[in-house]
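Note sheet for the following structure.
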Amino acid sequence: MITLKHELAVYAATGIGILAIAVASFDFRHGPFFKEDGIVETTAALLFLVALIIGVRRRLYRNGTGLVLCGLALLACLSELSFGARLFSFSMPAMAGGGELDGAQDLVMLAYRQAAATGFMPLLAILAIVGPVLAVILMYRTGHLVQIVMWFQADHGRPTLAAAMMVIGSAVLLDVMEAVRFAEETLELFGGALFVTAALRLQDREPNSYLSQSENGLTTIAGDE
């Protein structure tokens, strides 16, 4: 089986290649590939749908991680298709500041616009940077960071799903900033491929894990692979 790092390398190389072509070619950047319901967006929607189908067929929804994957894959697929608004010729609710509420990322955009309008953006930016750092430090000092790392190691699909969520989060950030649409669409395509990989890699049940206390006082996690 191709290892995760090799799969990531293939996806990353593909994404960088698409971005390079888009930067170099105006026609490619503004042609049928990156337009609304274009080739890249439609392919991403299909990848999320494939991930959902794989998850349902493998009954991954029977455990927490698989349920998150299936739920997010469904939400991402519907968001890419604007919940069928353009497909079935109906209108989604208008958003304050312009645009339509036709995707989950638009909820983040509404929050962003509200924060910008009320002057809370600098505070939110500081919290977004300092918060995760403080959380990692706290988890390290309490020993929970080791537990989390071992929880990820218990199932090879979990790191893949985490990577997919980070990629999709980056795409949402670009969408909220309303910048570089072709990069946003490429990241969503990358995320869709990772979702399919995670659906194939995740175990169809939660590993039988338990906490044990070792002689030197360190907490470890053991589980059935």
Exercise for review: Evaluate the distance, in nm, between pseudo-label points positioned 7 Å from the Cα of Y140 and of L123 along their respective Cα→Cβ axes.
Suggested key: 2.9 nm
Study note, to complete from the structure: So for the range 115-193, using the alpha carbon gyration tensor with a ≥ b ≥ c as root eigenvalues (a/c under 1.5 gives rounded; past that, a/b versus b/c decides prolate or oblate), I'd call it oblate
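Bear in mind that the values in this text are calculations on the coordinates, not laboratory data. Note that the coordinates shown come from a computational prediction; the quantities given were computed from them, not determined experimentally. We place every Cβ from the backbone using ideal geometry, glycine too, and count neighbours over all the protein chains shown.
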